[in-house]
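For reference, the structure is listed below as C-alpha cells.
The values are calculated or read from the model by the stated rules, or taken from the named source; none is laboratory data. Because the structure is predicted, anything quoted here is derived from the model rather than measured. When we count neighbours, we look across all protein chains shown, and the Cβ atoms used for this are built from the backbone with ideal geometry, even at glycine. These area figures cover heavy atoms from the full protein model, side chains too; ligands, DNA and RNA do not enter into them. Shrake-Rupley method; radii C 1.70, N 1.55, O 1.52, S 1.80 Å.
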Amino acid sequence: MQPSRPSRRVALGAIALSLLAVGADEPKQSVDAGGMTMQVPKAWKASKPKSSQMRRAQLAIEPSKGDKDPAELVVYAFDGNVGGVKANVERWESQFKDKDGNVAKAKTETRKVGDVEVTVVEIAGRYVAPVSPGAAEKYDKADYRLLGAFVPASGRTFILKMVGPDKTLKDAKPDFDAMVKSIKLAD
C-alpha cells in the first residue's frame, strides 16, 4: 500500500528539517589566513586577530546548550616547522590534566589534504594553559577540549587550535573536520 501524498510530504519535511538540524545545508564562509584558505560555518564569528602577527585568523564559536563559554579557533602561521609536531603536541598535552591530575594524552591522526599530510590533534580534560604565552596566570577550566591541526606549507607551518567547553567542541567536531578537509594552500 502506497503512503498518501500528505504523509509523504510530512516525511520529506521531517527529513529536510533533520538535515538542517545537523548543519548539512549550513552556509559556509571562506577564511583567508595569508597563504592558506579554508571553509567554516557562517555561524563562526571572525574577529581581528589579537596579540601577535603570527595569528592569521581568529573565530568564536557559540557555546552549545548547557555550556557558558564560547570556543575559540585561532590560526597561526610560523616560519619553518616550529620545533616539530611532536614537541607541539606535548606542549598542548601539558595544558590539559586528566581526572587524576596527570597530563592528558592527545589522540593524533594524519590525514591527506590535497598534497599535504595534516596532523589532527584532540585532547580533553581540565584546561590549565597560561592565559597568554609566558604568563603566570593560568586558565582553570574543567571539561574542556582542544581540536588542532598542523599544516605544513612551503617554508612555514600553519597551526589551527580550537579550545572550548567539551560539549561545544564535540558538537563542532564535524565542522572542524570539514574545515580541515577544505584547506587550500597558496602556491
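Let me spell it out: the conditions are (1) in a loop (DSSP other than H, G, I, E, B); (2) basic (Lys, Arg); (3) surrounded by 12 or more Cβ atoms within 10 Å (Cβ to Cβ), and Arg111 meets all of them except one. Which number is the exception?
Against the list (1) in a loop (DSSP other than H, G, I, E, B); (2) basic (Lys, Arg); (3) surrounded by 12 or more Cβ atoms within 10 Å (Cβ to Cβ), Arg111 comes up short only on (1).
What are the pairs, 6+ residues apart or on separate chains, where a residue within region 22-36 that is of a type in the set (Ser, Thr, Tyr) has its Cβ under 7 Å from a residue that is open to solvent by less than 80 Å² (accessible area, probe 1.4 Å) and modelled with pLDDT of 90 or more?
Ser30/Thr37; Ser30/Gln39
Kindly establish whether Gly84 is closer than 28 Å to Thr37 by Cβ, free of Cβ contacts under 8 Å to residues at least 12 places away in the same chain and either open to solvent by less than 40 Å² (accessible area, probe 1.4 Å) or of a type outside the set (Lys, Arg) (or both).
Answer is yes for this residue.
Does any residue of region 138-145 turn out to be free of Cβ contacts under 8 Å to residues at least 12 places away in the same chain, assigned to a strand (DSSP E or B) and surrounded by fewer than 19 Cβ atoms within 10 Å (Cβ to Cβ)?
yes
Restricting to region 43-81, name every residue that is of a type in the set (S, T, N, Q), over 16 Å from the mean Cα position of the chain (by Cα) and exposed (fewer than 14 other Cβ atoms within 10 Å of the Cβ).
Ser51, Ser52, Gln53, listed by residue number.
Would you please list the contacts, defined by Cβ atoms under 6 Å and residues six or more apart or on different chains, that run from a residue in region 161-180 that is at pLDDT 95 or above to a residue that is of a type in the set (Asp, Glu) and outside any strand (DSSP E or B)?
As it stands, the answer is Pro165/Asp67; Pro165/Asp69; Lys167/Asp67; Thr168/Asp67, since those pairs meet every condition given.
Go through the residues of region 152-159 one by one and say whether even a single one is surrounded by 13 or more Cβ atoms within 10 Å (Cβ to Cβ), aliphatic (A, V, I, L, M), touching a strand residue (DSSP E or B) at 6+ places or on another chain (Cβ under 6 Å) and in a strand (DSSP E or B).
Yes, the conditions are met somewhere in region 152-159.
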